[in-house]
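Here's the structure, in structure tokens; my notes come after.
Coordinate-derived values only; no laboratory data. All values derive from a computational prediction rather than experimental measurement. All Cβ positions, glycine included, derive from the backbone under ideal geometry; neighbour counts span all protein chains shown.
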Amino acid sequence: LAVHDWGGMIGFGWALSHAAQVKRLVITNTAAFPLPAAKPMPWQIALGRDSLFGSFIIRAFNAFSGGASYLGVAKKLPADVRRAYVAPYDSWAHRISTVRFMQDIPLSPADRAWALLEAAGRALPAFADRPAFIGWGLKDFVFDRHFLDGFRRALPAAQVSAFDDAGHYVLEDKAAELVPAIRRFLDAHPL
């Protein structure tokens with residue numbers, strides 16, 4: 001199971017009923033448990049999630065995807081790569097997806113996916129018996145050290161590569177280090 005960003009919730013949500021199929025884990029800058037108590041909700045996410053103004057600037061100016069393509073990395077993305085990240089969100093109509101996924105972030109029992117998020121968080125330590133690799137960009141202002149610490153607690157034997165000079169798109173910032181490290185991890189733990 002390899003997860004990043006929303007993939008953590010999607011992947012571990014799936015794993016709740018398919019745990020036997022999960023043989024090893026690769027985790028990068030994501031969540032599979034509720035927002036840690038010590039972690040404040042970033043204002044940028046709250047703005048897009050909870051306000052009409054935030055929804056408007058996301059849809060009118062591609063503020064989420066466009067912003068993430070700059071703020072999600074520590075080193076500037078090449079122009080063609082950045083264009084690829086923002087290409088799916090090329091119109092007002094297509095940007096509704098980013099507004100909706102922000103609105104779907106479960107923060108309390110009032111949110112539709114809260115029960116699933118809580119269940120995934122409770123089940124996460126049950127995956128500690130599997131080989132796990134965690135690659136983390138510590139400059140991620142959303143999935144920061146608080147989330148990394150949550151994964152470390154749940155998966156104490158995980159191999160962790162954390163980078164002070166990498167952002168949310170850690171595989172972009174640290175491909176030269178992470179890709180070979182993940183390959184070594186997968187080779188050391190064959191299926």
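See the values below:
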item	result
Asp90-Leu191 FRET efficiency (beta carbon distance; Förster radius 30 Å; 0.05 resolution)	0.20
Relative contact order (%) - criterion: Cα under 8 Å, at least six apart; region: the chain	27 percent
Cα gyration tensor, the chain - rounded (a/c under 1.5), prolate or oblate	oblate
Cα-projected label distance for Arg183 with Arg122, points at 7 Å along beta-carbon direction, nm	4.2 nm
Highest average packing first - 65-73, 82-90, Cβ atoms within 10 Å	65-73, 82-90
Span per principal axis, largest first, for the Cα atoms of segment 91-191 (Å)	42, 34, 27
FRET efficiency, His146 to Phe61 (Cβ-Cβ, R0 35 Å, nearest 0.05)	0.75
Cβ crowding within 10 Å averaged over residues, with 172-182, 135-145, 110-120 ranked highest first	135-145, 172-182, 110-120
Length-normalised contact order for segment 42-106 - Cα pairs under 8 Å, 6+ apart - percent	43 percent
Distance from segment 1-67 to segment 139-191 (C-alpha centre basis), Å	16 Å
Solvent-free Debye scattering, log10 I(q)/I(0), computed from the Cα coordinates of segment 42-106 at q = 0.18, 0.20 Å⁻¹	-0.63, -0.76
Pairwise FRET efficiency - His18 versus Lys76, Cβ, R0 = 35 Å, nearest 0.05	0.35
Helical mean residue ellipticity (222 nm; -39500 (n - 2.57) per DSSP H run of 4+; nearest 500) of the chain	-13500 deg cm²/dmol
Fewest-first ranking of Ile134, Ile27, using other Cβ atoms within 10 Å as the exposure measure	Ile134, Ile27
